[in-house]
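The values are calculated or read from the model by the stated rules, or taken from the named source; none is laboratory data. If you're wondering where the values come from, they're calculated on a predicted model, not measured in any experiment. Glycine gets a Cβ as well: all are built from the backbone with ideal geometry, and neighbour counts include every protein chain shown.
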Amino acid sequence: MANNVLKGKKGIIFGALDENSIAWKTALKVKEEGGTFTLTNAPIAMRLGTINQLAKACDAEVIPADATSEADLTNLFSKSMEVLGGKLDFVLHSIGMSPNIRKGKEYGDMNYDWYLKTIDISALSFHKVLQTSEKLDAMNEWGSVVALSYIAAQRAYPDYTDMAQAKAMLESIARSYGQRYGSLKKVRVNTISQSPTKTTAGTGISGFDMFFDFAQMMSPLGNASAEDCANYCVAMFSDYTRMVTMQNLMHDGGFSASGITTELVERLSK
Ligand SMILES: NC(=O)c1ccc[n+]([C@@H]2O[C@H](COP(=O)([O-])OP(=O)(O)OC[C@H]3O[C@@H](n4cnc5c(N)ncnc54)[C@H](O)[C@@H]3O)[C@@H](O)[C@H]2O)c1
C-alpha cells in the first residue's frame, strides 16, 4: 500500500535490534514510503543484533550511538546530516531497557543504580536526542520526532516496575520539549503508546504472555502489531499529521478506553 508519503524526507531510526523490533518494521515501511535515513543502536546491541541486514535492505548507513551519551548523539546527528545531504524531517526513538526488569527484581527490592540506568536509557535519552538536535539545528520545519511508550505510564502493572516511571517521564518530555521545539522551529514531538508487542524488550517482562492475551481480549480491535505501529509512525512522520504535537497517542486497538469487553466477560464466566 505504498503511497510515497515520505518522499524526499530524511531521518534517523533508533532501536532496530532484530526483525521483531518495532524500529525494524518501521525502517522497512519508511523505506517503502520513499524516506531515507540512517540506522543507529548502542554499540553492544550492534554486536548482538542483525542491524547490518536491515541496513542492506534499506540502503541505509549504520552509525553506532549509545543514546545516553551526548558525544555519541552529536556525532550521530552530524554524520546523519552529512550522509543524507541536509537537515532531518523525522526521528524515531525506539529505545527501552531496565536492568531491574532484566535481573528479575521486584518493585520492593529495586537496585537504585539500575533504576537510574533505566531512567537514563529509556527516558532521559529522549531529552538528550531532542536537545542535541536543537543545538545542531538538525531538524527541518514541520519535522516530526516520535518516541514509543506504554500504558504503564498511566496505570499500574506489577511487573513493569521502574519502566513505568521511565515511560511517564518520556511522555512528559514529549510535552515539554514539544512546546519548546514547536514554537522555536515548528518541530513536532509526540509519543505513541503501543499495545504489548512480541519483541525482545516486550517478552523480557515477566508475565508478558498473560498481559498480551488480556490486552487482546480487552481491545475491540485486538492488539496493535509491530507492523501496525510502523504504519502509525509513517503517518506521524508524514505531512498528513502536521498539526499534531505534544501528544501521547494511544495505539492499542481500543484497550485504553475499554472498561471490560464481552469477550473478557465470557472468558471469566467459564
Ligand atoms: N514490546 C512491547 O510490548 C512494547 C509496548 C509498548 C512500547 N514499547 C516500546 O517500544 C520501544 C522499542 O522496543 P521493542 O519492543 O521494539 O523492543 P527491542 O528490544 O527490539 O528494542 C529496544 C531497543 O532499545 C535499544 N537500546 C537499549 N539500550 C540502548 C542505549 N543505551 N542506546 C541506544 N539504544 C539502546 C536496544 O538495543 C533495542 O534495539 C521501546 O521504547 C519499548 O519500551 C514496547
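Brief remarks on what is shown
- Annotation note: of Thr74, Thr26, the sole residue that is in contact (Cβ under 8 Å) with a residue 60 or more places away in the chain, among the hydroxyl-bearing types (Ser, Thr, Tyr) and surrounded by fewer than 19 Cβ atoms within 10 Å (Cβ to Cβ) is Thr74.
- Within the stretch 88-106, residues that are in contact (Cβ under 8 Å) with a residue 24 or more places away in the chain and in a helix (DSSP H, G or I) reach partners that are more than 9 Å from the ligand (Cβ to nearest atom) and of a type in the set (A, V, I, L, M) with beta carbons closer than 8 Å, at six or more positions or on different chains, in the pairs Asn100/Met110.
Per-residue answers, yes or no, for (1) closer than 25 Å to Asp137 by Cβ; (2) surrounded by 15 or more Cβ atoms within 10 Å (Cβ to Cβ); (3) under 21 Å from the mean Cα position of the chain (by Cα):
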site	(1), (2), (3)
Asn52	no, no, yes
Thr68	yes, yes, yes
Lys103	no, no, no
Asp109	no, no, no
Asp113	no, no, no
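- Hey, Asp162 at pLDDT 95 or above, under 30 Å from Lys79 (Cα atoms) and among the acidic types (Asp, Glu) or not: no
- Selected residue (criterion: nearest to the chain's Cα centre (by Cα)) from residues of the stretch 218-227 that are in a helix (DSSP H, G or I) and surrounded by 20 or more Cβ atoms within 10 Å (Cβ to Cβ): Ala226
- Of the helices (runs of 4 or more DSSP H) lying entirely inside the stretch 9-63, those containing at least 3 residues that are more than 13 Å from the ligand (Cβ to nearest atom) are 22-32, 51-58.
- Check on Val5, part of a loop (DSSP other than H, G, I, E, B), of a type in the set (A, V, I, L, M, F, W, C) and more than 11 Å from the ligand (Cβ to nearest atom): yes
- Among the candidates Glu82, Glu134, residue that is under 24 Å from Tyr240 (Cα atoms) and assigned to a helix (DSSP H, G or I): Glu134
- Filtered by the rule that a residue be more than 22 Å from Leu170 (Cβ to Cβ) and among the charged types (D, E, K, R), the stretch 59-92 gives Asp59, Glu61, Lys79, Glu82, Lys87.
- Unique residue being over 19 Å from Leu130 (Cβ atoms), part of a helix (DSSP H, G or I), of a type in the set (A, V, I, L, M, F, W, C) and without any contact (Cβ under 8 Å) to a residue 12 or more places away in the chain when the list is Met210, Met163: Met210
- Qualifying positions in the stretch 193-232 - under 28 Å from Val145 (Cα atoms) and of a type in the set (Asp, Glu): Glu227, Asp228
- Filtered residues of the stretch 181-201 (kept if surrounded by fewer than 20 Cβ atoms within 10 Å (Cβ to Cβ) and either within 12 Å of the ligand (Cβ to nearest atom) or aromatic (Phe, Trp, Tyr) (or both)): Lys198, Thr200
- First in the stretch 166-180 and within 14 Å of Lys128 (Cα to Cα), second anywhere and within 13 Å of the ligand (Cβ to nearest atom) and modelled with pLDDT under 95, Cβ under 6 Å, 6 or more apart: none
- Qualifying residue in the stretch 29-38 (condition: modelled with pLDDT of 95 or more, more than 14 Å from Thr200 (Cβ to Cβ) and surrounded by fewer than 18 Cβ atoms within 10 Å (Cβ to Cβ)): yes
- Residues of the stretch 245-270 satisfying the condition of being in a loop (DSSP other than H, G, I, E, B) and farther than 30 Å from Asp18 by Cα: Ser258, Gly259, Ile260, Thr261, Ser269, Lys270
- Filtering the stretch 140-154 to residues that are within 13 Å of the ligand (Cβ to nearest atom) and not β-branched (Val, Ile, Thr) leaves Ala147, Leu148, Ser149, Tyr150, Ala152, Ala153, Gln154.
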